[in-house]
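The next block holds one structure in the form of structure tokens; read it before the comments.
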């Protein structure tokens, strides 16, 4: 009997980790110590794609608020958030993932949008309703790109 | 991460890295009447060119709406055979101070009334004609003309007594996150005034300059048009023009600039 319970819960855990989906249709993830260890897709992201998502004004639009010296060719870097130069040296991959997925877990008062969240939002325009700002793939790509900012 | 970021900024500032940003925050410029205590008009964040344009009546494109408004003011319209001037006098002098104290709580109607709503109330009940559409040329001309009569007068809205409930609702709106980007007014205009978001310098989002001639719009626009724009920016459903929500917000936003001069028609980027 105890063996069986262990087996069943192990199976459940495997299901959970293998990108199972929660009620809001988003991939489930686990937060521990303000960080998300597991990739949302189960794979590493693509940094080159991540750079595109990062700069694209309709996707990450991260330069609206952040500066990145390596992207000096892109016009208009905002100054609302800190420079992301060297950010890979300051945070682990898991912490960077948390910051992108939902920065409010770390700083509830932040202006930075949560890029992978649909719950608890108020009066979202119909075109954007129940859609996260980025897909799990795009989140992982952006995290991979952030890891190149050494 | 929050602490780290604070420490980093602090360190950067300490070693002179963020010296410019620091200097910008502790702006030592004397903005004269355009700053009252902590309240700074959008004027103080604009380019010199925009300010020069606003200052000179011959250059200020918003003056066109003042002129059109003066014509409408004198124009007889409706079943009652009256114009605004029939009740309020030819010159518009009687409108001095109105823009500084609106929106006001109207005892008879039992609700908060902004300038647009008051104008439409007069059109419908006193002149017995059709109300203006909110962002129509007529409405913008009339509100700009009326507001211009208060040019330079300090914003002085009443937020206690019967207006208190509307004020509190407006305040709650200001601090409530909304939209897919999940931001409140305060995130841009209180926490980050003076900061740069993409190519824009954020201001305190004051209401004293409205109706404003916005270079981006190429025409004058109302404060509620601005609210709709800012809501859309964070991918939030805007409220309709003249809604109770936005009228309450007008009162609260005006109060945040209590004492700032009425600048209608101001020029903004």
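Throughout, read-outs are computed from the coordinates displayed, never taken from laboratory work. Quantities reported herein were computed from a predicted structural model and do not represent experimental measurements. Methodologically, a virtual Cβ is constructed for each residue, glycine included, from the backbone with ideal geometry; neighbour enumeration extends over all protein chains shown.
Within a 10 angstrom radius of the beta carbon, how do A:69, B:144 rank from fewest other beta carbons to most?
A:69, B:144
Which shape class applies to the stretch A:106-150: rounded if a/c is under 1.5, otherwise prolate when a/b exceeds b/c and oblate if not, where a ≥ b ≥ c are the square roots of the Cα gyration tensor eigenvalues?
oblate
If you build a Gaussian network model of chain A, linking Cα atoms that sit under 10 Å apart, which residue out of A:85, A:109, A:46 swings the most?
Its mean-square fluctuation being the largest, the pick is A:109.
Give the angle, between 0 and 90 degrees and rounded to the nearest 10, that separates the Cα long axis of helix B:2-14 from the longest principal axis of the Cα atoms of chain B.
Roughly 80 degrees between the two axes.
If I model a spin label at residue A:148 and residue B:232 as a point 7 Å from the Cα along the Cα→Cβ vector, what separation in nanometres do I get?
3.5 nm
To the nearest 10 degrees, how steep is helix B:164-175 against the longest Cα principal axis of chain B, on a 0 to 90 scale?
Compared with the principal axis, the helix lies near 40 degrees.
Report the calculated FRET efficiency for residue A:122 and residue A:92 (r = Cβ-Cβ distance, R0 = 22 Å), to the nearest 0.05.
Once rounded, the FRET efficiency stands at 0.10.
For labels at residue B:74 and residue B:48 in the simple 7 Å Cα→Cβ model, what's the distance in nm?
A separation of 4.0 nm, rounded to one decimal place.
If you average the C-alpha positions of the stretch A:72-147 and of the stretch A:41-68 separately, how far apart do those two centres end up, in angstrom?
Answer, in whole Å: 9.
Working out 0.36 nm times the residue gap between residue A:21 and residue A:46, then minus their Cα-Cα distance, what length gain in nm do you get to one decimal?
Between residue A:21 and residue A:46, full extension yields 6.7 nm more.
Of the DSSP beta bridges with both residues in the protein assembly as shown, give the percent that are antiparallel, rounding to the nearest 5.
In the protein assembly as shown, DSSP labels about 85 percent of beta bridges as antiparallel.
I need B:64, B:181 ordered by Cβ neighbour count within 10 Å, fewest first.
B:64, B:181
Go ahead and run the numbers for FRET between residue B:160 and residue B:218, Cβ-Cβ distance against an R0 of 56 Å, rounding to 0.05.
0.90
Please give the peptides B:28-36, A:57-65 ranked by average Cβ packing (other Cβ atoms within 10 Å per residue), highest first, as a rough proxy for protection.
Peptide ranking by packing, descending: A:57-65, B:28-36.
Exposure proxy check: A:129, B:216 ranked by fewest other beta carbons within 10 Å?
Neighbour counts put them in this order, fewest first: B:216, A:129.
Averaged over A:114-127, how many beta carbons belonging to a partner chain fall within 10 Å of each residue's beta carbon?
For this peptide, the per-residue mean of nearby foreign Cβ atoms is 4.
Work out the FRET efficiency for residue B:122 and residue B:55 from their Cβ-Cβ distance, taking R0 = 35 Å, and round it to the nearest 0.05.
For residue B:122 and residue B:55, the calculated efficiency is 0.65.
Find the relative contact order for chain B and round it to a whole percent, using C-alpha pairs within less than 8 Å whose residues are 6+ positions apart.
26 percent
Using only the Cα atoms of the stretch B:23-127, build the gyration tensor, take square roots of its eigenvalues as a ≥ b ≥ c, and label the shape rounded, prolate or oblate: rounded if a/c is under 1.5, else prolate if a/b is larger than b/c, else oblate.
Oblate, because a/c is 1.5 or more while a/b does not exceed b/c.
Using only Cα atoms and rounding to the nearest 10 degrees, what angle (0 to 90) does helix A:93-102 make with the longest principal axis of chain A?
It is inclined by approximately 80 degrees.
Quote the Stokes-Einstein diffusion coefficient, in whole µm² s⁻¹, for the protein assembly as shown, based on the Kirkwood radius over alpha carbon pairs, a temperature of 4 °C and a viscosity of 1.567 mPa s.
For the chosen part, D equals 54 µm²/s.
For chain A, calculate the relative contact order in percent as a whole number, restricting contacts to Cα pairs under 8 Å that are 6 or more residues apart.
Answer for chain A is 30 percent.
Is there a simple number for the mean count of other chain Cβ atoms within 10 Å of the Cβ of residues in B:173-183, and what is it?
Average per residue, whole number: 6.
For peptide A:86-99, how many partner chain Cβ atoms fall within 10 Å of a residue's Cβ, on average?
Counting other chains' Cβ atoms within 10 Å and averaging over A:86-99 gives 1.
Compute the distance in nm between two label points, each set 7 Å from the Cα along the Cα-to-Cβ direction, one at residue B:93 and one at residue A:130.
In this crude label model, residue B:93 to residue A:130 measures out at 6.3 nm.
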